[in-house]
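Trainee: Sharing a structure, written as C-alpha cells. Questions coming.
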Amino acid sequence: MQHPSPLKVALFVSAFSAAAAAALPGCARFGAVYPPRPAASPATPVADPAPSRIVTHVSVTSAALRSSLDETVPRTGDGDFQLAGTTRRYAWSRSPLAVGFSQGRLVLDTRVDAKVDVRVSSLDFPIDLKVAAEPVVNTDYKVKLQSIDVKVTSSDRRLRVADSVGGVFEAIRAQVHQKLQEFEYDLKPTLAEAYARVARPLDIPIGEAKGCAMLKVLGVEAGPTVIADGVEKDLALIVAPSVTLPCANPEESLPLPPLANVATITPGPFTVTVPVAASYEELTRAMSVTFTDGKYFFSTDYPKLYLEKPELYESQGMLVLKMHIAGPVHAAGIDTDINGDIFLSGHLSVVDNELRMPDLEPTIETSNFFLSLKAMADVAKIRDQARAALRLDIGERLRTVRSKLSSDLTFGGPRACFKGDVDRIEVTGAYAHGTYVRVYVAVTGRAAAAVPCPNAG
C-alpha cells in the first residue's frame, strides 16, 4: 500500500482546518497563506524600447520640380560685353522649361531669344539652353542640385560673329548656373509636421485605465535618390516606440534631427515593435469593468456572496489575482458571514493576439476554503470569470489607436501631403516583472509623402 506523502498530509490538515473554521456559526474571517508579494518599489513601468524604423516613401513629381525650377531660373537677363574694344549690351528671354531625366540626372531644356548689340545694328538669334544636374537631399531636408552642367549653344547660321558674341554665351551660362546652384526645394515643412505628430503622446484608454503611446524619434535616414519621372527617396525615422500605463512623464520635445544619407534602406511596409509597460494598478483598473458597482455576485447557491477589490501582483514569476470575498452564507447547514481574501495565480501567455492567463487557478488555501463551503462549482466559476476578465485582446484594444495613428499621420494641403497606414497589430510576447507587466506588440504599417498632393484640385 502506498503511503501519502508529507505534502498531501499537510494539504489534508489545511483543508480540514479551513472546513472547520467555515462551519462555525457567526461571523467567519479567514486569512489565507497567499503567495508572497515582491518588495515595495516606487519604480514606474519601464518600456525600454528597442530602436525601429518607420520607412516613408517621398516622391516629388516632375511637374513640381518644373514649377519650382521655373521660378528659380531667370526668365530674362541682360548685361555688357566687349566688342572691338567697345562695351556693348545684350539681352535675352527664355521660354518655359521642359524637365526630363537621363542616366540618373535631371535634364532641363529651354529656348532663349537673344538680342546682341553688334556695331551699327542689333542681332536677334535663338539660343538652346540645356542643363544637366544631379538632384540630392541635404542634411537640412532641401532638394539641391549638384554636378550642374549648363550648355548654351545656337544653330543659327547667321552667327558669323560667333567669336565676337562668345562672351554673351558665357555670360548667359554663368547667370543660369548661379541660380541653379542657389536652387532648393524644402521638404522640411511637410516632414516636420509628420515628426511633430509622431512625437506627440497618444492617449490610450483601456477600460478605466489610461495609457500613453510615445514614438521618440532618434534620427532620420535617407536612402539613395531614384529618378523616375520625378525624384523619389525612402526616408526612415528611427524611433523608440513605447506604451505606458499609466502615462509616463513626456520628455521635452526635440527638433527634427538632421538628415543622414545612407547607402540603403529596406523599402516597403515596416514593422515597429512596441513594448507596452503596464503597472499592476492600471491592469487592475482595466479588469474592474467586469464588476458592477465594484462588486461581482458569482454564486447562485449563495446569492449575497460577492467578490470585490481585485488586485494583481507578481510573485515568483507568476501573476497573482487577489480578491476580497464577503457576504452571508445561509445554506447547506452553514450559517455564517464570510469576510476575507481569496487568491488565484497563473502565468502570462500570448495566444492569437490576446494576452491570457490560461492556467489561472485558485491557490490551495482558496480551493480548501470553497471546499469547506461545499461550493467547488463556484470556485470553478470564479476561476473562469477571472480568466475571462484577464483576457486582454490587444488588437481590439488598440484598434482605436490603429485608426487614430492612421488619421493623425494623414494630413497636408495642395503643396504636399503625408499619408500613414497601420495595417496589422500583433502581440508577440508578455512578461511579468516585480512592479509591472511588459507586453511586446508588433505594428506593421506604410507611410508616404507626395509633392504635390495627388488629390489636389
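Trainee: With respect to N368, determine if the residue is under 30 Å from A442 (Cβ atoms), of a type outside the set (G, A, S), modelled with pLDDT under 80 and touching a helix residue (DSSP H, G or I) at 6+ places or on another chain (Cβ under 7 Å).
Mentor: Numbers: under 30 Å from A442 (Cβ atoms): no; of a type outside the set (G, A, S): yes; modelled with pLDDT under 80: yes; touching a helix residue (DSSP H, G or I) at 6+ places or on another chain (Cβ under 7 Å): yes.
Judged against the criteria, N368 is not a match.
Trainee: While we're looking at this one, here's another question. Taking into account only those residues within the range 435-457 that are modelled with pLDDT of 80 or more and of a type in the set (G, A, S), which is nearest to L65 (Cα to Cα)?
Mentor: A450
Trainee: Can you name every one of the strands (runs of 3 or more DSSP E) wholly within the range 101-154 that holds 3 or more residues which are more than 30 Å from L259 (Cα to Cα) and of a type outside the set (A, V, I, L, M, F, W, C)? Steps first, please.
Mentor: Numbers: elements: 105-118, 121-137, 142-153.
Ranges flagged: 105-118, 121-137.
Trainee: Out of the range 252-290, which residues are acidic (D, E) and at pLDDT 75 or above?
Mentor: Start the filter on the range 252-290 by keeping residues that are acidic (D, E), which leaves 252, 281-282.
Result: E281, single match.
Trainee: Right, another one. What residue, of A43, A32, A47, is within 30 Å of N368 (Cα to Cα), at pLDDT below 80 and in the same structural domain as G268 (by TED's automatic domain parsing)? It would help to see each step written out before you state the result.
Mentor: On the way: A43 fails: within 30 Å of N368 (Cα to Cα); A47 fails: within 30 Å of N368 (Cα to Cα).
Of A43, A32, A47, the one residue that is within 30 Å of N368 (Cα to Cα), at pLDDT below 80 and in the same structural domain as G268 (by TED's automatic domain parsing) is A32.
Trainee: If you don't mind, there's one more thing I want to ask. Would you point out the residue of the range 216-251, among those that are under 28 Å from Y436 (Cβ atoms) and among the hydroxyl-bearing types (S, T, Y), that is modelled with the lowest pLDDT?
Mentor: Per the stated criteria, the residue is T244.
Trainee: May I pose another question? Surrounded by fewer than 21 Cβ atoms within 10 Å (Cβ to Cβ), farther than 30 Å from R53 by Cβ, at pLDDT below 80 and among the charged types (D, E, K, R): is that true of R415 in this structure?
Mentor: Working: surrounded by fewer than 21 Cβ atoms within 10 Å (Cβ to Cβ): yes; farther than 30 Å from R53 by Cβ: no; at pLDDT below 80: yes; among the charged types (D, E, K, R): yes.
Judged against the criteria, R415 is not a match.
Trainee: Restricting to the range 174-193, what's the tally of residues that are out of contact with any helix residue (DSSP H, G or I) (no Cβ under 9 Å at 6 or more places or on another chain) and at pLDDT 80 or above?
Mentor: Of all residues in the range 174-193, those out of contact with any helix residue (DSSP H, G or I) (no Cβ under 9 Å at 6 or more places or on another chain) come to 174-178, 181, 186-193.
Filter again for at pLDDT 80 or above, leaving 174-178, 181, 186-189, 192.
Going through the range 174-193 one residue at a time, the tally reaches 11.
Trainee: Mind listing whichever residues of the range 112-156 are without any contact (Cβ under 8 Å) to a residue 24 or more places away in the chain and more than 29 Å from V58 (Cβ to Cβ)?
Mentor: Correct list: D113, V120, S121, S122, D124, K151.
Trainee: Continuing with this model, one more query. Among (1) free of Cβ contacts under 8 Å to residues at least 40 places away in the same chain; (2) not aromatic (F, W, Y); (3) not in a strand (DSSP E or B), where does S299 come up short?
Mentor: Unmet condition: (1).
Trainee: Give the residue that is farthest from L259 (Cα to Cα), with candidates limited to residues of the range 47-96 that are crowded, with 19+ Cβ neighbours inside 10 Å and without any contact (Cβ under 8 Å) to a residue 40 or more places away in the chain.
Mentor: R88
Trainee: Also: Please count how many residues of the range 46-94 are of a type in the set (G, A, S), closer than 30 Å to I227 by Cβ and within 27 Å of the chain's Cα centre (by Cα).
Mentor: 2
Trainee: From A213, A171, A196, which residue is at pLDDT 70 or above, outside any strand (DSSP E or B), outside the structural domain of T76 (by TED's automatic domain parsing) and not charged (D, E, K, R)?
Mentor: Working: A213 fails: outside any strand (DSSP E or B); A171 fails: outside the structural domain of T76 (by TED's automatic domain parsing).
After ruling out the rest, the residue left standing is A196.
Trainee: A further question follows. Tell me, which residue of the range 57-84 that is of a type in the set (A, V, I, L, M) and in a strand (DSSP E or B) is farthest from L123 (Cα to Cα)?
Mentor: Residues of the range 57-84 of a type in the set (A, V, I, L, M): 58, 60, 63-65, 69, 73, 83-84.
Retained after the next criterion (residues that are in a strand (DSSP E or B)): 58, 60, 83.
Working: V58: 47, V60: 40, L83: 13 Å.
Only one residue tops the list, namely V58.
Trainee: Collect the residues in the range 324-342 that are modelled with pLDDT of 80 or more and surrounded by fewer than 21 Cβ atoms within 10 Å (Cβ to Cβ), keeping them in residue-number order.
Mentor: Keep residues of the range 324-342 that are modelled with pLDDT of 80 or more, which gives 324-328, 337-342.
Those that are modelled with pLDDT of 80 or more and surrounded by fewer than 21 Cβ atoms within 10 Å (Cβ to Cβ): H324, A326, G327, P328, D337, N339, G340, D341.
Trainee: Which condition breaks for V243 when tested against (1) farther than 20 Å from T266 by Cα; (2) surrounded by fewer than 22 Cβ atoms within 10 Å (Cβ to Cβ)?
Mentor: (2)
The values are calculated or read from the model by the stated rules, or taken from the named source; none is laboratory data. Just so it is clear, the structure is predicted and the values come from calculations on it, not from any experiment. When we count neighbours, we look across all protein chains shown, and the Cβ atoms used for this are built from the backbone with ideal geometry, even at glycine.
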